[in-house]
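Have a look at the structure below, then the notes.
The values are calculated or read from the model by the stated rules, or taken from the named source; none is laboratory data. This is a predicted model, so every value here is computed, not measured. Here the Cβ positions follow ideal geometry from the backbone for every residue, glycine too, while neighbour counts run over all protein chains shown. These accessible areas exclude ligands, DNA and RNA; they are computed on the full protein's heavy atoms, side chains included. Shrake-Rupley method; radii C 1.70, N 1.55, O 1.52, S 1.80 Å.
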Amino acid sequence: MEFKFKDKERARDLVQLINRKVPDRPVKIVHVCGTHEVTITENGLRSLLPDRIDIREGPGCPVCVTPTADLDAALQLARDGAIVTAFGDMMNVPGTDKSLKELKSEGADVRLVYSVSEAIKIAESTDREVVFLSVGFETTTPMTAAVLANDPPENFSILPSNKLIPPAMKSLLELPDNDIDGFIAPGHVSTIIGVEPYEPLVKNYGAPIVIGGFEPLDILYALALIVKQIAAGKPEAENGYERGVDYGGNRKSQDLIKNVFKVTDSRWRGIGNIPESGLTLNSNYENRNARQRFDIDPEAGQESPPNCLCPQVITARATPEECDLFRETCTPKSPYGPCMVGEEAMCNIWYRYGGRPKL
Ligand code: SF4
């Protein structure tokens, strides 16, 4: 059957199927992807579904989960005279005392880049040390690995803060007060890692995991597969995005990552330390690690300001509406907490699309 992205009939059929299959009790489905949240809110998908289906965004925004200590390290490097390069959203995330953008306004050489390749070009044009604040999930890491494997200039290093999605999903499933009935797994991360890494999570925790694409119909299709699994009592890791994801993922990208990085424990803002959930450079590339090159290791700082519910939002235990500061004190122009900074973060997305819970 031809798959049309804007097929109203197909959307209606999927919504009817979801209505028929969803159990007669509250059902909480979590996705881990800012793009999924944008598709859901922009198209009002929650309003098509029964009230008992509660869809939340988990830790799907790399900006929000980057810990203060990593930002403090970047701030320290810039203060010490390095050129620090970072993606746009990272410029606004508060470190312990300020953001990279604020430090830049005080004269530090902090530059916004759209890719790691841009940071390399800066390094090629100067004798000064250039550091790239390397954040993101499995999707962005292969590009950084490729650049490092391709003999970049000597004055180039990275501050690794790369993270892995399946261990974060596992940490949510282990929270005692988080009744997750199923996950929509992120399509772009899954393009790299495939279906396999989700299988142990389903086996050990019993919640369905369905990989979803980014069109409204993709999301409805993934939801339909999840509620079908719940109704049948047969949870599995299922690929609902076959046009984008192969079972084994992208082996070339996986090899690139393995060649340059190694898995390590990692701190996630709002969650804390998650075992084996991050990537740092392996022994072949240690000299490219700015932490070691410049011997910096700031202590963990305060991860979210007082009364900010970001830790609960990131772990799918609260919505932005439940935060007293949402919309009034905390806005994208004047973010109080990290979940309002990134354009892939739930508070930011709900603010941009009106902040109504049924969006
Ligand atoms: Fe934190 Fe602002 Fe979100 Fe409230 S609205 S949880 S203060 S980021």
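Numbers at a glance
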| quantity | calculated |
| --- | --- |
| Computed over segment 144-275, the ratio Rg/Rh where both radii use C-alpha atoms and Rh is Kirkwood | 1.03 |
| For segment 33-133, Kirkwood radius (reciprocal of mean inverse C-alpha pair distance, Å) | 15.5 Å |
| DSSP-assigned coil residues among chymotrypsin sites (Phe, Trp or Tyr not before Pro) in segment 213-306, each with at most 13 further Cβ atoms within 10 Å | Tyr247 |
| Lysines with Cα under 30 Å of Lys258, excluding same-chain neighbours fewer than 8 positions away | Lys121, Lys163, Lys170, Lys203 |
| Whole-percent carbon and sulfur share, accessible surface of the chain, 1.4 Å | 47 percent |
| FRET efficiency for Glu236 and Asn155, using Cβ-Cβ distance with R0 set to 41 Å, rounded to 0.05 | 0.25 |
| Accessible surface, per residue, of the chain when the full set of protein chains is kept, probe 1.4 Å, Å² | 44 Å² |
| Loop-located chymotrypsin sites (Phe, Trp or Tyr not before Pro) in segment 1-101 whose Cβ has at most 16 other Cβ within 10 Å (DSSP) | Phe3, Phe5 |
| The chain: angle of helix 251-260 to the longest principal axis, Cα-based, in degrees nearest 10 | 30 degrees |
| DSSP-defined antiparallel bridges as percent of all bridges, the chain, nearest 5 | 25 percent |
| C-alpha long axis of helix 68-79 to longest principal axis of the chain, angle in ° | 30 degrees |
| Segment 253-293 versus segment 29-102: alpha-carbon centroid distance in Å | 19 Å |
| Rounded to 10°, Cα long-axis angle of helix 216-232 versus longest principal axis of the chain | 60 degrees |
| Projected label distance in nm at Asp24 and Lys8, using a 7 Å step from Cα toward the beta-carbon | 3.2 nm |
| Contact order normalised by residue count of the chain, Cα under 8 Å, 6+ apart, percent | 23 percent |
| Rule-of-thumb Rg ratio for the chain [Cα; 2.2 N^0.38 Å; N residues] | 1.00 |
